[in-house]
1. Ignoring ligands, DNA and RNA, what accessible area per residue does the chain give at 1.4 Å, in Å²?
2. Heavy atoms only, probe 1.4 angstrom, no DNA, RNA or ligands counted: give me ARG53, ARG14 ranked by accessible area, highest first.
3. Any idea what diffusion coefficient the chain gets from Stokes-Einstein, in µm²/s, Kirkwood Rh on alpha carbon pairs, 20 °C, 1.002 mPa s?
4. So how do ILE84, ILE91 rank on accessible area, 1.4 Å probe, biggest first, that is with the largest at the start?
5. Which lysines, if any, have their Cα less than 18 Å from the Cα of LYS39, not counting same-chain residues under 8 positions apart?
6. For the chain, what does the relative contact order come out to in percent, with C-alpha contacts under 8 Å and a separation of six or more?
7. By how many nm would the segment from PHE16 to THR59 grow when fully extended, if each residue of separation counts as 0.36 nm and the alpha-carbon distance is taken off?
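The values are calculated or read from the model by the stated rules, or taken from the named source; none is laboratory data. Just so you know, these numbers come straight off a predicted model, no measurement behind them. Ligands, DNA and RNA are excluded from the accessible area calculation, which covers all protein heavy atoms including side chains. Shrake-Rupley method; radii C 1.70, N 1.55, O 1.52, S 1.80 Å.
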Amino acid sequence: PNAVVMIVSNDDMRPFYWPGDYIGGKMRYGDAIETAVNKDCIVYLKNGERFFRRLIKNTTEGYNLTCLNPNEATAEPVLYNVEIDSVAPVIWHRWKDD
């Protein structure tokens, strides 16, 4: 129950995760989100967007999402003060062997 799987779609989390890799985890909600801080997570925001980023606690009571590869990342390598609905820390990672 509460399992989620995602295909990595960009270079934001290289060199550990590459486009085309599969990642999965178990969803956490509410106060349990705090247990995912400083972990690589599939993150669902309250506005419906979904990201694969590292979850960081910011200096206030909010959260930031950061990529591991800022040189190749999207225009926003860090998303500040995001409103999180749920997170799934990565506990499963598979890739295709070429």
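1. Numbers: 6120 Å² over 98 residues.
Heavy-atom accessible area per residue stands at 62 Å².
2. Of ARG53, ARG14, the descending order of accessible area is ARG14, ARG53.
3. 158 µm²/s
4. Putting ILE84, ILE91 in descending order of accessible area: ILE91, ILE84.
5. Those lysines meeting the cut-off are LYS26, LYS57.
6. The normalised contact order for the chain reaches 34 percent.
7. Here the answer is 12.8 nm.
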